[in-house]
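Note sheet for the following structure.
Please treat every number below as a calculation from the coordinates, not as lab data. Keep in mind it's a predicted model, so treat the numbers as computed, not measured. Heads up, the Cβs are rebuilt from the backbone with ideal geometry, glycines too, and the neighbour counts pull from every protein chain shown.
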Amino acid sequence: KKVTSGACGAALMREPDRAEAIVRAVIRAAGPVPVTVKMRLGWAEGELSAPDLAARLEQIGVAMITVHGRTRAQLYKGSADPAGIAAVRRRVHVPLIANGDVASPADARRLLDRTGADGVMIGRATLGRPWLPAMVMAGLAGRSVAMPDTAAIWSLARAHYDLALDHYGEAHGRRVVRKHLDAYATVAGAGRAIRDHLVRAEQPDDVRAVLDRLALGDLPADFGVAA
Ligand SMILES: Cc1cc2nc3c(=O)[nH]c(=O)nc-3n(C[C@H](O)[C@H](O)[C@H](O)COP(=O)(O)O)c2cc1C
């Protein structure tokens, strides 16, 4: 809402002239760096502006286009519509990436087949599952990759925690990483007590100690399930 209340984000789907002017300025400023664009299908059903907008942006030199198969009005409701993305495919020749609701290799295959896109983008399903893109790539190539076991998930969570605090600094890093810890906890089947501790602990070393114990199998992940 904050973004679209100005002429930004998905609001630009209703202002193609302005969108084109912005992208033109970005392309000019970026020099040799390729500029890519991501958009939804349009503002609302009956206003599916993505095919026209994508074609215009291709004309001015955009290198790749990603389309999330929902309208702004849909937010995350319903499901992403492959036909809407296919309509963009018919209008552009640059690489097209389809996005929306992919959580498995089979989902990716289906979306590629139904849209004619060159690739898929995965968003929400990667939260707590950073191995998913590799798993999907392998699946599309006809190979299978095993999901990490619980201990490996906690080791990843620990590595992610340290990277986030390093990258963002302690105070902001702890806020950013919270949703990721919660997602790892969901994927690992952790109980309430563990979740609360990971999200609320005041001291980073307390979080690290619990993650390390979980990674060693020293603390059962379902600890506190009934709590
Ligand atoms: C935590 C989070 C942050 C996101 N940030 C952005 C963003 O900055 N720009 C953007 O275009 N889309 C953003 N999205 C939307 C996703 O890129 C994607 O279009 C949408 O989640 C649908 O794909 P999915 O079904 O795979 O999640 C974000 C999504 C999530 C869950």
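With the biggest extent put first, the Cα atoms of the chain measure 58, 41, 36 Å across the principal axes. The dipole here belongs to the range 9-140: it is taken about the Cα centre, uses +1 on the Cβ of Lys and Arg and -1 on the Cβ of Asp and Glu, and is about 160 debye.
Across the options TYR76, GLY100, VAL88, the greatest Cα extent toward the positive end of the charge dipole of the chain (unit charges at beta carbon of Lys, Arg, Asp, Glu) belongs to VAL88. With equal scatterers on the alpha carbons only and no solvent term, can you work out the Debye log10 of I(q)/I(0) for the range 150-216 at 0.12, 0.14, 0.15 1/Å? Once normalised to I(0) and log-transformed, intensities are -0.24, -0.33, -0.38.
Given a Förster distance of 25 Å, report the FRET efficiency between ARG91 and ALA141 from their Cβ-Cβ distance, rounded to the nearest 0.05. Step by step, r from the Cβ atoms, then E = 0.30. Multiplying the residue separation of ASP218 and ALA25 by 0.36 nm and subtracting their alpha-carbon distance yields 64.0 nm. Placing +1 on each Lys and Arg Cβ and -1 on each Asp and Glu Cβ, with no other charges, gives the range 150-216 a dipole about its Cα centre of roughly 260 debye. Charging the Cβ of each Asp and Glu at -1 and of each Lys and Arg at +1, and nothing else, the dipole of the chain about its Cα centre rounds to 640 debye. Expressed per residue, the C-alpha convex hull volume of the range 98-227 stands at 115 Å³. When each full DSSP H helix of the chain is screened for a Cα extent of at least 20 Å along its own axis and an average Kyte-Doolittle hydropathy of at least -0.5, the helices passing are 16-30, 150-168.
Kindly identify the range 1-86 as rounded, prolate or oblate by the Cα gyration tensor criterion: order the square roots of the eigenvalues as a ≥ b ≥ c, call it rounded if a/c is under 1.5, otherwise compare a/b with b/c, prolate if a/b is larger, else oblate. Prolate shape, in that a/c is at least 1.5 and a/b is the bigger ratio.
Calculated mean residue ellipticity, 222 nm, the chain: -15500 deg cm²/dmol, from DSSP H runs (n ≥ 4) at -39500 (n - 2.57) each, averaged per residue and rounded to 500. For the range 96-145, a/c is not less than 1.5, where a ≥ b ≥ c are the root eigenvalues of the C-alpha gyration tensor, and a/b does not top b/c. That puts it in the oblate class.
Run a plain Debye calculation on the range 9-140 (Cα atoms as equal point scatterers, no solvent) and give log10 I(q)/I(0) at q = 0.12, 0.15, 0.19 Å⁻¹, rounded to two decimals, same order as the q list. Log10 I(q)/I(0), no solvent term: -0.46, -0.71, -1.06.
Multiplying each eigenvalue of the alpha-carbon gyration tensor of the range 131-171 by 5 and taking the square root yields semi-axes of 28, 13, 4 Å, largest first, rounded to whole angstroms.
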